[in-house]
Amino acid sequence: MKLKDLLTKKIMIAASSILATISAATTTGVLVSKIKSKTDISKIELETNIWLSREKSDDLIVQKFIDINKEKLTGLNKDDFEILSNENQILTTKVKENNKAWFGQVAINFGIKTDISTIKLFKIFAIDNDQDQEIIDTFLRINNQFLQNDLTKDDLEIKKIPGRVDDSATATLKVKDSSNKKYKGKIEISYRIRKDININEGLKTELFCLDPNANEQTIKSSTKNLFFELNKEKIYPLAVFNLDVVNLNIEERKASIKIINSEEYKGQVEITLQDKLDISKISSLITTINKYSRSSANREIKDFFTANKDKLPLLSLRQLKKVEEESTKDKWVIEVKDSPYYQGKIIINLKQLTDISNNENIKSTIDLKDDKPFENNIIDAFYETNKNEFEKLNIKKENIKPSALSFKREDVTIQILGSEKYYASFEVKYKFNRIDINTLSSRITALNVRGKEEINEEVIKEAFAQQYGNFFVKYRSEFFGYFIPFGDALTEDDVKVIKIDDESVEVEILYENWFKNTLTLKLIK
């Protein structure tokens, strides 16, 4: 046999992954054939949650799904898929059988983007400066309870609207078209730039509240209370809870009043601390007091207190005590006890004055008209109403002292104090034009009734009292020009429901007889 007949030829045909043996009489070989396996689309980590700007067809939903996963779904387009179902915003689709590279199915969760103008968001707020980022950050922070971190500062662009009025301005916030998956649209906002507290000229910063025996917390409390009391008209509408004492240095008698949680002001004021005032050294105090036929220390001291309370801020009646061993029938020695602001003793002179409480020429009804019922307006109205009679009696406006004011009864006790001849106590009825409740619409905008199975009058009244009960005590300063730290909170009985709609509720506020008209609030369900 020839060698070539005995030779086995091995031919290697390179292909891919499948081996086949080829045998013949004189030849043996191996054939490798390239056959590619399909990829299961369900096994790939894909983004299956998509948001659409409006309702779209199944094909467009599939195309959107392909677009956001284009790096992983090479070679696929919407024609490679067939729709299996579309229910409850879940579209199930699979790759067609004839596709040579892919197979399997996938469920696409889709939603329609929410226009932010349709969401109940806070659109009026305060900022520290009018930089774009400050406005956007503040808007997102105060509305995070509604947006749930699904909208970020990178998703928004701002366009300021010309026409600023003082520190107030408006702007439009727009969701960038391709930025956010869940939201679209734009919203108009109004913002106010907080003022630095130091722009107020004439703030009283020398505070007579340093007690070397008090602890630091007590000194801080006394300091902020006194700063507020001495400056409340200049720093309106701030209240005590908007003030904090920082940088307290008792040895150097220095501290700072810092503004907190305010929509009006920012910054801090440097103050100095002084010793408590000696009451005997305060000028122009009224020290001649009516001598009652039946003397009672509480009554005379109360008259002294009422006559001088405008000159002795933050002094309370209980801090005034008669010093029996130093007093005589016609001269009493009054001592200040346990006051953070005052100390020392003062002599008051008791004098038998003529009581004109029953003078028929003095009218006991006054009309405040558009003025609010606080003490200065009451004094002015009562004096002007009875001016002719008071001039005859030589009673001056500064002798008129309101001592007890009732909002619900709409009456006030007015005393005549400091006159050389006369004394009186009148029960005066007043009336005034009610405050339009709609002036509160920027502060009371919505009512949260989430979780309530039924929304009826009782639910509305209860929710309003719970959410805004302390508001009306807190903002007495806004209504009447002064702040009362203690008072009755609004209750369910102070709320009258006028109308309930699907999205809003209309209420009337009966609290303290202060208001007229009605207020409409959005319902948060």
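The values are calculated or read from the model by the stated rules, or taken from the named source; none is laboratory data. Predicted model, so just to flag it, every value in this text is computed and none were measured. Every residue, glycine among them, receives a Cβ derived from its backbone with ideal geometry; neighbour counts consider all protein chains shown.
With the structure loaded, tell me whether Ser280 is in contact (Cβ under 8 Å) with a residue 24 or more places away in the chain, surrounded by 12 or more Cβ atoms within 10 Å (Cβ to Cβ) and farther than 20 Å from Leu417 by Cβ or whether it fails that test. Considered against the rule, which asks whether it is in contact (Cβ under 8 Å) with a residue 24 or more places away in the chain, surrounded by 12 or more Cβ atoms within 10 Å (Cβ to Cβ) and farther than 20 Å from Leu417 by Cβ, Ser280 comes out as no.
Condition (residue is farther than 15 Å from Ile189 by Cα and over 43 Å from the mean Cα position of the chain (by Cα)) applied to region 46-55: is it met by at least one residue? The answer is no, given that none of the residues of region 46-55 is farther than 15 Å from Ile189 by Cα and over 43 Å from the mean Cα position of the chain (by Cα).
So, of the residues in region 296-313 that are closer than 14 Å to Lys331 by Cα and either outside the structural domain of Ile347 (by TED's automatic domain parsing) or touching a residue at least 12 places away in the same chain (Cβ under 8 Å) (or both), which turns out to be surrounded by the most Cβ atoms within 10 Å (Cβ to Cβ)? Out of the qualifying residues, it is Phe304. Cβ-Cβ distances below 6 Å connect the following pairs, each with a first residue in region 76-87 that is free of Cβ contacts under 8 Å to residues at least 24 places away in the same chain, a second residue that is assigned to a helix (DSSP H, G or I), and a separation of six or more residues or different chains: Lys78/Asp59; Lys78/Val62; Lys78/Gln63; Phe81/Val62.
Scan (1) hydrophobic (A, V, I, L, M, F, W, C); (2) under 21 Å from Leu315 (Cβ atoms); (3) not in a strand (DSSP E or B) for the single condition Phe241 breaks and write down its number. Every listed condition holds for Phe241 apart from (2). The combined condition, being within 28 Å of the chain's Cα centre (by Cα), assigned to a strand (DSSP E or B) and surrounded by fewer than 12 Cβ atoms within 10 Å (Cβ to Cβ), is fulfilled by Val246. Kindly evaluate Glu326 against the criterion of being touching a strand residue (DSSP E or B) at 6+ places or on another chain (Cβ under 6 Å), outside the structural domain of Ser339 (by TED's automatic domain parsing) and surrounded by fewer than 17 Cβ atoms within 10 Å (Cβ to Cβ). It is false that Glu326 is touching a strand residue (DSSP E or B) at 6+ places or on another chain (Cβ under 6 Å), outside the structural domain of Ser339 (by TED's automatic domain parsing) and surrounded by fewer than 17 Cβ atoms within 10 Å (Cβ to Cβ). Only one of the numbered conditions (1) over 28 Å from Asp130 (Cβ atoms); (2) surrounded by fewer than 17 Cβ atoms within 10 Å (Cβ to Cβ) is not met by Phe227, and that is (2). Of the strands (runs of 3 or more DSSP E) lying entirely inside region 87-201, the ones with 3 or more residues being closer than 26 Å to Lys56 by Cβ and either at pLDDT below 90 or under 19 Å from the mean Cα position of the chain (by Cα) (or both) are found at 105-112.
When Asn386, Asn359, Asn448 are checked against the criterion of being in contact (Cβ under 8 Å) with a residue 12 or more places away in the chain and in the same structural domain as Ile509 (by TED's automatic domain parsing), Asn448 stands alone in meeting it.
Take Asp137 and decide whether it is within 24 Å of Ile161 (Cα to Cα), touching a helix residue (DSSP H, G or I) at 6+ places or on another chain (Cβ under 8 Å) and touching a residue at least 40 places away in the same chain (Cβ under 8 Å). Judged against the criteria, Asp137 is not a match. Do the conditions hold for Asn377, that is, is it without any contact (Cβ under 8 Å) to a residue 60 or more places away in the chain, in contact with a Leu (Cβ under 7 Å, 6 or more places away or on another chain), surrounded by 12 or more Cβ atoms within 10 Å (Cβ to Cβ) and more than 30 Å from Asn215 (Cβ to Cβ)? When the stated conditions are applied, Asn377 passes them. The strands (runs of 3 or more DSSP E) located wholly in region 406-521 include none with 1 or more residues which are surrounded by fewer than 17 Cβ atoms within 10 Å (Cβ to Cβ), under 20 Å from the mean Cα position of the chain (by Cα) and at pLDDT 90 or above. Across region 112-161, the qualifying residues are those that are among the β-branched types (Val, Ile, Thr) and touching an Asp or Glu at 6+ places or on another chain (Cβ under 6 Å), and the one among them that is nearest to Ile524 (Cα to Cα) is Ile127.
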